[in-house]
Amino acid sequence: MNNHVFIAYAYAVGTSVLLPVTLFTRRSRVVPPLTFSIICKSVLLGAIGSLTPVHALRYPHSLGPFELLWN
């Protein structure tokens, strides 16, 4: 099976399973407020996540920040 077809089927199955769950359940608790600290942490995680593939392409044999743990 082609990888693209497999991914499409996986997304279709996941959507068909999760969509009814979201339609029939109700949220019983209040969502916590979005604070400046949470926004900063999200931006930091997004920056790390977007820079990691760039680092992996430039230095494919390097372990990046984990290199210090293994040496």
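The values are calculated or read from the model by the stated rules, or taken from the named source; none is laboratory data. All values reported here derive from a predicted model rather than from experimental measurement. Cβ sites come from the backbone with ideal geometry, for glycine too, and all protein chains shown count toward neighbours.
Cβ separations smaller than 9 Å between residues 6+ apart or across chains give the following pairs from the range 1-29 residues that are assigned to a loop (DSSP other than H, G, I, E, B) to residues that are surrounded by 10 or more Cβ atoms within 10 Å (Cβ to Cβ): Met1/Tyr9.
Here Asn3 fulfils each of the conditions (1) exposed (fewer than 10 other Cβ atoms within 10 Å of the Cβ); (2) modelled with pLDDT under 80 apart from (2). Mind checking whether some residue in the range 15-22 is modelled with pLDDT under 85 and of a type in the set (S, T, N, Q)? Yes, the range 15-22 contains a residue that is modelled with pLDDT under 85 and of a type in the set (S, T, N, Q).
Quick one: in the range 6-46, of everything that is loosely packed, with under 10 Cβ neighbours inside 10 Å and among the small types (Gly, Ala, Ser), which residue is farthest from the chain's Cα centre (by Cα)? If we take residues in the range 6-46 being loosely packed, with under 10 Cβ neighbours inside 10 Å and among the small types (Gly, Ala, Ser), then Ser28 is farthest from the chain's Cα centre (by Cα).
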